[in-house]
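Notes follow once the structure below has been shown.
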Amino acid sequence: MSVRELERERSPKQAGLGPVGWLRWAWRTLTSMKTALILLFLLALGSVPGSLIPQRGVDPDKVARLYDESPALAEWYDRLQLFEVFSSTWFAAVYLLLFTSLIGCIIPRTLTYVRELRRKPPAAPKNVTKLPHAAVIEGGPSLDEAAKRLRGLRFRVVTGDGWISAEKGYLRETGNLFFHVALLGILFAIGVGSLFGYRGNVLVVEGDGFANTVAAYDRFMPGNQVSAESLAPFTLRLDDFNVSYQVAGEKRGQALDYTAHLTVNDTPDAPAREVDLKVNTPLEVDGTQTYLIGNGYAPVFRVTDGKGQVAFEGPVPCLIEDKATMTSGCVVKAPDAQPSQLGFLLRFLPTSVPLTDGTHASAFPGELNPEVQLLGAFSGDLGLRNGQPQSVYELAPPETLKKLKPLLMGTAVPKPLAVGQSVELPEGAGKLEFTGVKQWMTLQVAYDPGRLPALLFSGLAVVSIAASLLIRRRRVFVRVKGETVEVGGLTRTEGSAAGFAEEFADIVKVLSAGEKDVR
């Protein structure tokens, strides 16, 4: 055997951690303060796309518009769950890891804090004048009197043979511990809201109503513990919707105020009450909040089929294409028309003006000169009875649209229709009439039982972190040697020595009250 082989055999071998060792390492890493701060940062960072990218639960119209404008980008957003950030898998994973990390931080901190509370201040050193802050009082107070005065300053005092040890600032650790508890409480409140709360979106046209039932929502997102009986049984009706715009200046056309005039019944047996709903003033009924989140136009049409029967009549909510002018795209479907179904693609112009090239556009978002452009009229099977769901903003899926027969397209389309005007379809297929204009609003109805606890825990977190940052742990020692009283002090908080110097001087003044010689 060579010397190198002999040395290799004699050298100590590194022991492996083993499964238990790796679990301990993982737990200590997860429950460290560094990991908790990283997870808290990731949670805040993960909330950013939830604020910048439209969310399905908040503004489904913007999500649909993004799919129309940038379908490839929207597909990637959907794959990464960026349209539903706060209910996504990756956000929930960070949330649960942070929750676990905080629990692992709080338990040992609590045990340490309890031990600190029970521990008495240490005995005074033999030479207190060598401490960072020191003073000597000639003809100072007695040991009992000095202890009494320090207790009057809210110090915890321990006395011995000719010495006093006093400590103050335990609330610093209390604030630190309560801050972690508050963070845990906020996460818990969010979890309660996710389990027992719900959100829903609904579009309501002027003159129509809404009942808070699952079937009435356009989109409903319940928590895991929410049932149909959990919803507050209120109803509302949109009587009128008013929007005021800036009419002059650089900000011409900018919306100044939105007001929805509602009639609300808190319960089926409750009397009706009038409510003005505004953007930042939600309607609240039994803990359920209803927010105004969007609005648009719903022109009213009447479709007469080839047999002279009214196949469709009513308002049609339009999808906003240009927010600055409220130019909106509309789709009218008449599946009951005879002898064949009819469909129309239209564009609504709130304030229509002619352009130099003969086309028309909207010059203002307000309803000053409402007109409707007919972009195309079609007949044939719209595919509404094949069991496949369709968007109200889409005439038909692309494969179905190719099979429809165009009745009016391109140059054959007449000029925009004003209110009260109509257009006759060729081949006696029917007639489209533009009979009026209404407005629609979109509401978000939300019930979150964790909202108030989250607010209270947030307030506790602010107060606790302030206490943790502002309060200093400090100690004062006193030794009585005959007529001489030696006082020394130090802080246990790094970087707070300068602030303690002034307080120490005040402590010396209190101890030497009525005495003459202080140096």
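The values are calculated or read from the model by the stated rules, or taken from the named source; none is laboratory data. The structure displayed is predicted, hence computed values, not measured ones. No Cβ is skipped: glycine too gets one built from the backbone with ideal geometry, and neighbour counts run over all protein chains shown. Accessible surface is based on the protein model in full, side chains and every heavy atom, while ligands, DNA and RNA are left aside. Shrake-Rupley method; radii C 1.70, N 1.55, O 1.52, S 1.80 Å.
Computed values, structure above
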item	result
Nitroxide proxy distance, nm - points 7 Å out along Cα→Cβ at SER230 and ALA272	3.1
Helix 143-152 axis, angle to the chain major axis (alpha carbon atoms, nearest 10°)	10
Theoretical gain in end-to-end length, GLN421 to ASN386 [0.36 nm per residue, Cα-Cα removed]	9.2 nm
Segments 176-183, 271-278 sorted - mean Cβ within 10 Å per residue, highest first	176-183, 271-278
At R0 = 25 Å, FRET efficiency that the Cβ-Cβ distance of LEU470 and LEU37 yields, to 0.05	0.75
Cysteines (scope the chain) whose Cβ has no counterpart Cys Cβ under 4.7 Å	CYS105
Area accessible to solvent at LEU425, 1.4 Å probe radius, in Å²	10
The chain - percent relative contact order, Cα under 8 Å, separation 6 or more	19
Pair-distance profile P(r), taking every C-alpha pair of the range 28-78, with 5 angstrom steps and integer %	5, 18, 19, 16, 10, 10, 9, 8, 5, 1
Distant-in-sequence amide H partners of GLY139 (H built 1.01 Å from N, under 5 Å)	THR484, VAL485
Whole-percent carbon and sulfur share, accessible surface of the chain, 1.4 Å	57
Reduced Cα scattering model of the chain, Debye log10 I(q)/I(0), q = 0.07, 0.09 Å⁻¹	-0.66, -0.84
Per residue accessible area in Å² of the chain, where ligands, DNA and RNA are left out and the probe is 1.4 Å	55
Solvent-accessible surface ranking, highest first, for THR89, THR400 at 1.4 angstrom	THR89, THR400
Chain lengthening between THR435 and LEU368 when straightened (0.36 nm per residue, less Cα-Cα)	22.6 nm
Where labels lie 7 Å past Cα in the beta-carbon direction, separation of ALA72 and VAL20 in nm	5.7
Ratio of Rg to Rh over the range 166-297 (Cα coordinates, Kirkwood Rh, two decimals)	1.17
Segment SER142-ASN127, length gained on full extension (0.36 nm per residue, minus Cα span)	3.6 nm
Nearest-0.05 FRET efficiency for ASP506 and ARG151, computed from C-beta distance (R0 22 Å)	0.90
Most to least accessible of ASP78, ASP218, ASP61 (protein chains only, probe 1.4 Å)	ASP218, ASP78, ASP61
Exposure ranking of LEU368, LEU355, LEU153, LEU395 by accessible area [1.4 Å probe, largest first]	LEU368, LEU355, LEU153, LEU395
Theoretical FRET efficiency, 1/(1+(r/R0)^6), r = Cβ-Cβ of GLN338 and THR359, R0 25 Å, to 0.05	0.15
Nitroxide proxy distance, nm - points 7 Å out along Cα→Cβ at THR112 and ARG451	3.9
Dipole axis of the chain (+1 Lys, Arg; -1 Asp, Glu on Cβ), positive-most option in SER362, TYR245, ILE507	ILE507
